[in-house]
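I have placed the structure first, in the form of structure tokens, so that the comments after it can refer back to it.
Read-outs: derived from the displayed coordinates by stated rules, not from any lab. These numbers come from a predicted model, not from an experiment. When we count neighbours, we look across all protein chains shown, and the Cβ atoms used for this are built from the backbone with ideal geometry, even at glycine.
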Amino acid sequence: MSEPRIIKKYPNRRLYDTETSAYITLAEVKDLVLGYKEFQVQDAKTGEDLTRAILLQIILEEESGGVPMFTEPMLANIIRYYGHAMQGLMGSYLERSIGAFHEAQKRFQEQASSLYGEIPKNPFIPGAAAPGQIPNVMGGYLEKGAQAVIDMQEELRRQALKLFSGFPYAAGSEEGAQQPAAKPAPKARAASTRKPRPKKK
């Protein structure tokens, strides 16, 4: 396996491509991603791997300037899972979902190309707002996947409540805990009916 292309990031935020010995822009880094080029962005001073930060920056620009892929509710749900016990499950689920969607799209393009020839990556769709603007299929796909994880978590919570509902400590203090029976009040002594003895003289 060949070594990844190294891109140096300098403190002035400029990106230097060591393969072409030239400065490049963030848009050119995006072109490397679209071209399936292996690369790694490193801090020019410390050598720290900054690839994730650069990819997130590309996503932020695409979401801000182009046609957004993620809705506000979906972004809010993703944020809520940071630090959550199921954060790892959510991340792996979304990663597998994107991978499955990508593979399905690639197979579709290969089959369509074999039948109809080369298909443009940004086809014109009648009724779209502008040429090249396609429905937000990926965003909807991921949103449904994220919602499925949330529903699964809620179902697990309900099942756990049902499972432990028979234990005395499972119920709340008002529902499950039975108050101890109150002790009966002591009976009042009956008044004596005997006559008092006469005093001796």
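Looking only at the range 1-66, where both bridge partners belong to it, what percent of the DSSP beta bridges are antiparallel (to the nearest 5)? Walk me through the intermediate numbers first.
On the way: 7 of 12 bridges.
Beta bridges within the range 1-66, antiparallel portion: roughly 60 percent.
Could you tell me the calculated FRET efficiency between Arg80 and Ala100, based on Cβ-Cβ distance and R0 = 22 angstrom, to the nearest 0.05?
On the way: r = 24 Å, r/R0 = 1.08.
Approximately 0.40, to the nearest 0.05.
Please work out, to two decimal places, the log10 of the ratio I(q)/I(0) at q = 0.12, 0.14, 0.23 Å⁻¹ from a Debye calculation in which every Cα of the range 1-66 carries one identical scatterer.
After summing over all Cα pairs, the log10 values are -0.28, -0.39, -1.03.
State the answer as a single residue: which of Leu34, Ala22, Ala53 lies farthest towards the positive end of the charge dipole of the range 1-66, with beta carbon charges of +1 for Lys and Arg and -1 for Asp and Glu, about the Cα centre.
Sorting the options by dipole projection puts first Ala22.
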